[in-house]
Amino acid sequence: MAIATAAACLLAGCSVLPATGPSTQQITTTGQGKALTDYVLVNLDQRGVDILSQYRVSVFAQRFAAPRPQPNQIVGIGDGLNITIFEAGQGGLFSSEYGARVTFMQRVDSDGSITVPYAGRVKAAGTSPQEVEKKIVAALEGRAIQPQALVAIEQTVQRSYVVAGEVNGGGRKPISAAGDRILDAIAISGGARSPAYETRVTLQRGSAQGTAIMKDLIDNPPENVYVQPGDRIYLARDPEIFLAFGAVPRPGPIPFGTDKVTLLEAVGMAGGLIDNRSDPGAFFVFRYEPESALKQIKPDYDGKFGAKVPVVYRIDLRDPRAYFFAKGFTVRDRDVLYVANSAAVELQKFLQIVGAARNVAQTYETADRLFINPRN
């Protein structure tokens, strides 16, 4: 009778038994014969693995793609200008024992102007260095001997970006005339202090912000977008992890420890499956997938979840073929791996509860007899 009751409870997806997570039945069905409504269940096969292996998650390319900044330089407020003034002969305003020239630094003031000896205040902001040269020469005409000027932007604020965090030489950096991409900016700043697979890159541009693992910028070149004036790049050490639960020897968060982890490697890192508890046919991976990727895997998907779709992949490790395509399935940061208990384990739990309850009942029955009839 107890066995029959236990079987009925298990078939009904009984939730009163102690467990480390949902049963296989609770994940794969609603218990009422209706379609799943909270996520999409996908039985993983080689075709699905092939589609996912070609798919690239886009963060920076989708949000921050922009053309290379124009190479022509414009002077801005706060920029530091290196100015050299030449005269045609000795005896002029800028003559010295070293020759008829002088070199000095001037920072553009808040009003957009610089101060040049004997020329006074010269408007610089919003113009090119070549135009500033012409203004200086014009202001010195009649005072200096055939003056000539060279102006170069040595320290720029308007055409610069900031790199901070886990880099060896952060700070404000000028954008080169050729244009700099994110990985260029990190290299110019001395490189990241941690490996690329443990470094998270955050890009702030105006009110927009996005974060990606640095190795994704290396593996997927379109993600390595051009830096724009005013960008802020922040690097943080934040290793990728996956979370293992259920019938595995080592549950909990597990760091990748390398730039790529396959599903089969993740199973090994969690200690494999517990032989006397696990159901090899009930291995699940929980993650969010972009809608475009899921529609390739599951053409009949109706699009009800929007751009990010909660997906549960089921892998049957009792099928020898599964071990081949599990080697090609790449685990992503914060994926959840779950191995359900076998039905036999659930039955055993129930029988233990029934046995314990029967022992308690027998104890009470014996105590009642002794109380009512002590001599017996």
*Check on ARG321, modelled with pLDDT under 95 and crowded, with 16+ Cβ neighbours inside 10 Å*: no
*Looking at SER194, is it polar (S, T, N, Q), open to solvent by less than 40 Å² (accessible area, probe 1.4 Å) and within 24 Å of the chain's Cα centre (by Cα)?*
yes
_strands (runs of 3 or more DSSP E) wholly inside segment 78-174 containing at least 2 residues that are more than 30 Å from THR199 (Cβ to Cβ), touching a strand residue (DSSP E or B) at 6+ places or on another chain (Cβ under 6 Å) and open to solvent by 20 Å² or more (accessible area, probe 1.4 Å)_ = 80-86, 99-107, 120-123, 148-155
*Within segment 247-285, how many residues are closer than 16 Å to VAL331 by Cβ, not polar (S, T, N, Q) and not in a loop (DSSP other than H, G, I, E, B)?*
14
*Could you please find all residues in segment 286-314 being within 19 Å of ARG334 (Cβ to Cβ), surrounded by 13 or more Cβ atoms within 10 Å (Cβ to Cβ) and in contact with a helix residue (DSSP H, G or I) (Cβ under 6 Å, 6 or more places away or on another chain)?*
VAL309
*Is there a residue being assigned to a helix (DSSP H, G or I), at pLDDT below 90 and open to solvent by 30 Å² or more (accessible area, probe 1.4 Å) anywhere in segment 324-343?*
yes
*Hey, among the residues in segment 239-272 that are of a type in the set (A, V, I, L, M), surrounded by 19 or more Cβ atoms within 10 Å (Cβ to Cβ) and within 15 Å of GLY21 (Cβ to Cβ), which one's farthest from the chain's Cα centre (by Cα)?*
ALA247
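Got a number for residues in segment 286-311 being of a type in the set (A, V, I, L, M) and assigned to a strand (DSSP E or B)?
To start, the set of residues in segment 286-311 that are of a type in the set (A, V, I, L, M) comprises 293-294, 297, 307, 309, 311.
Narrowing the set further to residues that are assigned to a strand (DSSP E or B) leaves 309, 311.
So the answer is 2.
The values are calculated or read from the model by the stated rules, or taken from the named source; none is laboratory data. Keep in mind that what you see is a predicted model, and the values were worked out from it rather than measured. Because the Cβ atoms are built from the backbone with ideal geometry, glycine has one as well, and the counts that use them run over all protein chains shown. Please note that ligands, DNA and RNA were not included when accessible areas were found on the heavy atoms of the full protein model with its side chains. Shrake-Rupley method; radii C 1.70, N 1.55, O 1.52, S 1.80 Å.
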